[in-house]
Every structure is written in C-alpha cells, then in structure tokens.
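Below is one structure, written out as structure tokens; comments come after it.
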Amino acid sequence: MKRSMTSRRTNLMNYATYLLVIAFFAVITVMNSSGNLSSIMKGMLVPICAYSVMAVSLNLTVGILGELSLGHAGFMSVGAFTGVTAAVALGNHVSSAPVRLLVGMVVGAIFAAIVGVLIGIPVLRLKGDYLAIVTLAFGEIIKGIFNNLYVGLDSRGFHISLLSDTTNLDPDGTLIIGGPMGLKSIPTIATFTSGIILLLITLVVVFHLVNSRTGRAVMAIRDNRIAAESIGINVTKYKLMAFTVSAALAGAAGSLFAMNYTTMVANKFDFNTSILILVFVVLGGQGNMMGSIIAASALTILPEALRSFSTYRMLVYAIVLILVMLATNNPTLKSFFSRKKKTDVPLDPDEPGDGDEGKEAV
Amino acid sequence: MDNKTKLVEARREKALVPERDYDKSPILECVNLGINFGGLKAVDDFNLTIGRTEIAGLIGPNGAGKTTVFNLLTKVYQPTTGTILLDGKDTHGMNTIQVNHAGIARTFQNIRLFNNLTVEENVKAAMDHNMSYNLFEGILRMPRYWKEEKLAHERALELLSIFHMENVAGVKAGSLPYGAQRRLEIVRALATNPSLLLLDEPAAGMNPSETAELMANIRTIRDTFQIAVLLIEHDMSLVMNICEGLCVLNFGQIIAKGTPEDIQANPAVIEAYLGKQKEA
C-alpha cells in the first residue's frame, strides 16, 4: 500500500515512542543489575510507569478528543480500589503474583470503563469549560465515595457498607477498604516490568485507536463537530468510545499504582493529582504521546531530585515548571485554545438567514 | 389545504425537473417548507422538486434564506412547517446524522474541513458509516481492519482523482490552498455515497478558470454517480451554464422557478436583483 508522507511520519513517531520505552526499560535493568540504582529511584519506577499511562490516557481525551477533563484521577481511584480488592480476594486462591496483578489491573480497567460510560453519557453532552467543571466534580464525588466505603471479605464472601463499618466480619476476615483509612494491607506485587508492559499495551491501544475509523471520527469531531455530523459521524457514540477507553487505561494504571504501596487512601487521588496529570499532558504536548511519557517521567523524578533544597523544594519545583512551560511555549496548546474558542460558539437559532456560517476561520 | 392536496400540487411543479427524470420519482420534494425564528419567517412556503439526476440551482440576493434552506434540508434546523421527502421518505424527526445516512451530503459556505487531518483522512472519515469493523477489531488490527482500511484507501484516492488531488492525499487539509479546500469538501461529501449533493457556494473565491473546471467536475460527478445536485451560487455564469432548473429566493420566499432562460427573462427576478425601474 502506498503510504503518504504524513502517515509515514506519524508511524515513525509511534515506533520511536515504543523504542524510547523499551530503551528506558533496558537502561534501568542494566543499572539495577550493576547496582547503580538508588533505592529512591527504585521506589519511583512503578509510579513513573503508572503516571506515564495516566498521561497517555488523558492525552487521548484532551489531545485526540479535544475535551478538557479535570477528573482523570477519579478513574485512577476506581481502578486502584476495585483492582486491589480483586487482587486481595484472589490471594487466598492464587499464589502467583503476576496473575493476581494482571487480574487486578483488568478488573480495575473494567470498573473504570463502566464508570467512564456512566459519567460520559451525561457529561459528554457538555462542551468546553462546562465539561471540565463537571469532570472536576466527578473526581471529588469518587473521592467522597471511597472515603466512606467499607469492604470486607471473609469466608462468607464480600461485605460492603457505606458511611460506617457495619461489615461484621468473621474473625478470619480482612477489611480491604476501610473508609477514610483507605486500602489496608495491599499486596505489593506491582513490578517495574509489569509497569513497562502496561505502558507498551497502552501505547499500542492508543496508537491503533488513533489510526482506525474510531480515531479518525474522534479527531474529525474535535476539528469540526458540525462538519462531522454532516458526513454522518455519530458524535455521541465516538466521544463516549474515546472517553471510555481513556478511563479504562486510567483504571489499569491506578490498579498498578496502588499495588506498589502497602496502604493507599482515597485522598491520594484528588484534584491535585488530576491537575498533575493534566500538567504532564500540556507539558508534553497535546496529542503527543511521547511527550506525555517524557513529561510524566521527568516531573515524577523532579520532586525527589530536588530533595536537597529541603524546605524550598516545592517552590523550586514550581519555578522549574514555569520555566519549562515558558521555554517550550507549546504551539499545540495555543492552537488547542484557539480551536476551542472557535468551535465553542454555538449555533444561534435566533439568527436568521445564513446564520449557520461565519464562525470558522478559513 | 391538507398535506395530501399540497403534495399533489407539488408534483405538478415538475416543470423544474429535466425531461429524462420525468418517469422516475423525484429525489427531493419540499412541500410548504418553512421556519420561523421568533416570529421572523426566514423561509416560508418553500416548494421544490428535484429530479434524480438533475443539477438544480438555488439563487437569490444575500440574506434571502438560501443557506437556511440547506440547513433545513440537513436538519441543522428543524422546520416549523412543511414536509421534506427524500426519495419519497419523510425525513421528519431525523437529525443531521440520520439525514446524511438517508442520502443528503453537503458542503459549507465557510469551509469546514478537519484541518488537522490529512486530505485522505478527511475523505476516509466520511466513509465511516460504510465501514463495519468495531473498536476492538481496530485496536487489535484484525483481518477486517486491514481489508476495510485498504478498500477505504483505494476509494479515497479514486474520489480524490476526480479533482486530481491524489498527489496531496498526505497533506494536512488545513494547509491546502483555498480552492483545493473547497474541492476537498465536495470529495468528502461524495464519500458518504449521497443521492443528493448540496453545494453551498462551491465557486466562491475561485478564479474564472478554476470555476470553469469546477463546472466540468460537477457535471462529471453527476454523470458518474448518477446523483442530483442542488447548489447555491452567486456566480451567474456557472449557474446559467450547468443548472437545468433554477429556483429564486427573496426574503425567504420563492419568487420564480424555471429553466435558466426563463429566469433570465423574469421581471420579478430582475427586480429582486437590480431593484424596480422608476416609472416615467
């Protein structure tokens, strides 16, 4: 098949992204085996992978679908809590850690996808700023729910209660989710290798989606919704599809992230985390998956690397962030906002005559 | 007058339909179509019948309501009164997407391309409804993905070749020159397999030689795909040359209908465009 210049360039970029991830994995593995990896760095490997997956999946919503979501950490939270619950429940029957991790991530992805559909149906009818605010509220609601949820498991099965712990577990039972105490006694089975595999799978899913009819439809809607409707593209369906895939990937990442620690509270996945992930996307460039991964890795390492500044650590972090933003002065960001302004002008039914037109610059 | 008698009356208006389409049912029938915007009748009592393979023109001074008619046909606005029959089927209650699937495709007065997609992707996006592989087949790149994508690629190049645009297939649509963007919009509309193509000022901003080429292309499209074309245009040389039937709109109402020759001689049309001559 004859390939055009642009699609060849896109393909090259995709392969380069895969290569970057594999190279990163190889370097870390070599450093680890030669004993050159500090314990701090070792502890950050899984979060780097998890945040990279988060950034790539949010980039699908923000860069490809063109909708600003401020509640992405909510999906991470759903994935973390459901995934860990599944992994703990499986602990009595399956001893293999990778299998439990895999099941945990799949369960996390499925639940996050379900929540994504439920949230997406009402939310994706909104546009621009309104959508951003509602996703923000969604993130807070999820946090509120998990802060008040108690889930225990004993020989009689699962016990779930809200607001107060009325699970009445048998003595042999374990409380998996303990309200504001969050997840207790998480099996720390997440490994760097599994993180890299998840990241590679995420990249395959996103790149293949973008280069399919779904991706074309989603980007068509982003570029011009009215034209997309005029050629028969089902706007709601495709928006929901992209949003759900994005949520599912975030759920898997959340599950991986949680299983790197022994405990995890719902407050970890708050508004700040959502914004942090959005910063990765904006810094890396919207629609640029490689940029998202680099930004996520760099900004996850940065606060640790700045420990020597002690008290002024977060101040320096903020300054570095501002400087980087200024330096890159991302043109894709600028075009995103100018596009948002143009496409957000609604059709004015009170305007007679040739009123449909005139909003889109040539 | 009830709807049925109106329908019969509308059929009598076949004067606009070219002779070769007489024995076939019309592709489009508008009966008493109208829309009010808060008391203002933007389009009123609009009756139009278009034959299967007709090239028809909708003309009129600025603000006459021509684009509003397009927006009614494509359900960007829901009509306040009247019926639109597409291939004999009532489009009442359909939305823009369903109307496109039923067979109406359009271009826009102010170009609306997917600027960040390539020319080929713009055309392929319009074939979405005719593709059947699902999200998972796409992500896992199953055989159906390869088969349908290959077909779409070939068909896109074939359609682009009508306007000799195969060589820019990989260029971003937003970076095309103005005339090429207009042509791409037509190709994109064609890719949805319409039976009626609506062109909103296709020659706007084109020079005379480009316009002449466009005219030939519109005829080629009609002959190749055997579809009807309804176009809004201010370039009278184009309208008079290729349209077989014309409909003149002024202040939302039809003031004349007929062949280009009839229209050119019609005093009401001349008055609408040039104003009334002072009585001596």
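Residues in the stretch A:171-198 that are at pLDDT below 85, surrounded by fewer than 21 Cβ atoms within 10 Å (Cβ to Cβ) and in contact with a Phe, Trp or Tyr (Cβ under 8 Å, 6 or more places away or on another chain): A:Leu175, A:Gly178, A:Gly179, A:Thr188.
Could you please find all residues in the stretch A:148-182 being of a type in the set (D, E, K, R) and part of a loop (DSSP other than H, G, I, E, B)? Can you show your working first?
Within the stretch A:148-182, the subset of a type in the set (D, E, K, R) is A:154, A:156, A:165, A:170, A:172.
Selection gives A:Arg156, A:Asp165, A:Asp170, A:Asp172.
Evaluated against (1) within 29 Å of A:Leu68 (Cα to Cα); (2) over 17 Å from the mean Cα position of the chain (by Cα); (3) basic (Lys, Arg); (4) more than 10 Å from every other protein chain (Cβ to nearest Cβ), A:Lys237 falls short on exactly one condition, (4).
As a summary of the residue check, A:Leu203 satisfies the conditions (1) touching a residue at least 12 places away in the same chain (Cβ under 8 Å); (2) facing chain B (nearest Cβ under 7 Å) except for the one numbered (2).
Elements of the type helices (runs of 4 or more DSSP H) sitting completely within the stretch B:98-188 and holding at least 2 residues that are under 25 Å from the mean Cα position of the chain (by Cα) and more than 17 Å from A:Ala217 (Cα to Cα): these cover B:143-162. Just to be sure before I move on: is A:Ala296 buried (at least 24 other Cβ atoms within 10 Å of the Cβ), outside any loop (DSSP other than H, G, I, E, B) and within 11 Å of chain B (Cβ to nearest Cβ) in the structure I sent? So A:Ala296 does not fit the description; no. At pLDDT below 90 and within 14 Å of chain A (Cβ to nearest Cβ): which single residue out of B:Lys14, B:Lys6, B:Lys24, B:Lys41 fits that description? Going through B:Lys14, B:Lys6, B:Lys24, B:Lys41 in turn, just one is at pLDDT below 90 and within 14 Å of chain A (Cβ to nearest Cβ): B:Lys41. Kindly indicate whether B:Leu113 is at the interface with another protein chain (Cβ under 8 Å from one of its Cβ atoms), under 20 Å from A:Asn234 (Cβ atoms) and touching a Leu at 6+ places or on another chain (Cβ under 7 Å). In short, yes.
Name, by its number, the condition in (1) at pLDDT below 75; (2) within 20 Å of the chain's Cα centre (by Cα) that does not hold for A:Ile277. Among (1) at pLDDT below 75; (2) within 20 Å of the chain's Cα centre (by Cα), A:Ile277 violates only (1).
Any residue at all in the stretch A:265-279 that's on the phi < 0 side of the Ramachandran plot, among the β-branched types (Val, Ile, Thr), in contact with a strand residue (DSSP E or B) (Cβ under 9 Å, 6 or more places away or on another chain) and surrounded by fewer than 21 Cβ atoms within 10 Å (Cβ to Cβ)? Checked the stretch A:265-279: at least one residue is on the phi < 0 side of the Ramachandran plot, among the β-branched types (Val, Ile, Thr), in contact with a strand residue (DSSP E or B) (Cβ under 9 Å, 6 or more places away or on another chain) and surrounded by fewer than 21 Cβ atoms within 10 Å (Cβ to Cβ). Only residues that are part of a loop (DSSP other than H, G, I, E, B) and either within 14 Å of another protein chain (Cβ to nearest Cβ) or among the hydrophobic types (A, V, I, L, M, F, W, C) (or both) were counted in the stretch B:80-90, giving 1.
Cβ contacts < 6 Å: first residue closer than 7 Å to B:Gly57 by Cβ, restricted to the stretch B:234-247; second residue in a loop (DSSP other than H, G, I, E, B), any location; separation 6+ or different chain. Result? As it stands, the answer is B:Val239/B:Glu233, since those pairs meet every condition given.
For A:Asn260, are the conditions met, namely being modelled with pLDDT of 85 or more and either under 30 Å from A:Leu37 (Cα atoms) or touching a His at 6+ places or on another chain (Cβ under 7 Å) (or both)? It is true that A:Asn260 is modelled with pLDDT of 85 or more and either under 30 Å from A:Leu37 (Cα atoms) or touching a His at 6+ places or on another chain (Cβ under 7 Å) (or both). Taken together, the criteria exclude B:Leu184 from residues that are buried (at least 20 other Cβ atoms within 10 Å of the Cβ), facing another protein chain (nearest Cβ under 10 Å) and either in contact (Cβ under 8 Å) with a residue 40 or more places away in the chain or polar (S, T, N, Q) (or both). Only one of the numbered conditions (1) closer than 21 Å to B:Ile218 by Cα; (2) among the aromatic types (Phe, Trp, Tyr); (3) facing chain A (nearest Cβ under 8 Å) is violated by B:Phe163, and that is (3). Candidates A:Leu163, A:Leu198, A:Leu175, A:Leu169: the one that is in contact (Cβ under 8 Å) with a residue 60 or more places away in the chain and either over 30 Å from B:Glu185 (Cβ atoms) or within 13 Å of another protein chain (Cβ to nearest Cβ) (or both) is A:Leu198.
Is it the case that A:Phe81 is in contact with a strand residue (DSSP E or B) (Cβ under 8 Å, 6 or more places away or on another chain), crowded, with 24+ Cβ neighbours inside 10 Å and part of a helix (DSSP H, G or I)? Yes.
Against the list (1) farther than 25 Å from A:Thr191 by Cβ; (2) part of a strand (DSSP E or B), the condition A:Ile145 fails is (2).
The values are calculated or read from the model by the stated rules, or taken from the named source; none is laboratory data. Predicted model, so just to flag it, every value in this text is computed and none were measured. In this analysis, Cβ positions are derived from the backbone assuming ideal geometry, glycine residues included, and neighbour counts consider all displayed protein chains.
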